[in-house]
1. With runs of 4+ DSSP H residues as the only contributors, calculate the mean residue ellipticity of the chain at 222 nm using -39,500 (n - 2.57) per run, divided by the residue total and rounded to the nearest 500.
2. Quick one: which residues, 5+ away or cross-chain, put their amide H under 5 Å from the amide H of Leu92? H built at 1.01 Å from N.
3. Please get the size of the charge dipole for the chain, origin at its Cα centre, with Cβ charges of +1 on Lys and Arg and -1 on Asp and Glu, quoted in debye to the nearest 20.
4. Where only protein heavy atoms count, and the probe is 1.4 Å, what is the accessible area per residue for the chain in Å²?
5. Quick check: residue separation of Glu124 and Ala66 times 0.36 nm, minus the Cα distance between them. What number comes out in nm?
6. Around Tyr40, what is the net charge, scoring Lys/Arg as +1 and Asp/Glu as -1 over all other residues with Cβ under 14 Å from its Cβ?
7. Over the chain, what percent of the accessible surface lies on carbon and sulfur atoms, probe 1.4 Å?
8. Using 0.36 nm per residue, how much length does the chain from Met1 to Trp157 gain when fully extended, once their Cα-Cα distance is taken away?
Amino acid sequence: MAVREILVDPDPRLRQRCAPIEAFDADLAGLVEDLLDTLYAGTAIGLSAPQIGVPRRVLVMDLSSARDTPEVFINPEVLAVDRLARVEESCLSVPGVSATIVRPIRTKVRALDRHGELVEAKLEDLRAVCLLHEVDHLEGRLFTDHLPAWRRLLLRWRGRPAAPRAA
Ligand code: ZN
C-alpha cells in the first residue's frame, strides 16, 4: 500500500481518544498495510494508527531483528500491568527527544488480530514497553506526558535536539 506521513507533536490529532474498529474489511486491511509499510520504512519498533492520522484503535509492532515478524493489535485492552521500571523511550511523533520514564515492563493484553480473532498475550520487557507506548497513543497520550512537568517545560524551552530513535 503506502508509506504514510507521520504526525508530529503538537498536532492535535495526536491528542484524540481513538475509536474502536468494528468492521474487519478492506479499509482495515489497507490501514494495517499502511501502518506496516510506514513502520518498515524507518527503524521504529511500533506505530499506531493516530500517528498516521487515522483515529482508530490499531497498532503494529515488530521487535524481531530481521524485521519480519509483524504483530497487529486491534482494539487492545490492557488487562494487567506489573513491575515498574525506568525505561528510555522515544517516538516518531516527538522527533529528537529521548527520555527515561517509569513504565510497567510486564503486561497482559487482550486484542483482536487483523482477521478479527481474539488474542491474549503476556508481554515482557521491551515488548511490553512498546505495546503500552502505542496504547497510550490510542488514548491521545505521548510518552513525554509521563515526564514531570518541569521536564516537559524544559523540552519545550530547549527545542528539539537531533537524532530520533523511535518507538
Ligand atoms: Zn510513539
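1. -7500 deg cm²/dmol
2. Result for Leu92 returns Ala167.
3. 940 debye
4. Value for the chain: 52 Å² per residue.
5. Full extension of this stretch gives 18.9 nm more.
6. Value of the local net charge: -4.
7. 52 percent
8. Going from the current span to full extension adds 52.3 nm.
The values are calculated or read from the model by the stated rules, or taken from the named source; none is laboratory data. Remember, predicted model here, so these are calculated numbers, not experimental data. Note that we place each Cβ from the backbone using ideal geometry, even for glycine, and neighbour counts take in every protein chain shown. For the accessible areas, the whole protein counts, side chains as well, though only heavy atoms, and no ligand, DNA or RNA atoms are used. Shrake-Rupley method; radii C 1.70, N 1.55, O 1.52, S 1.80 Å.
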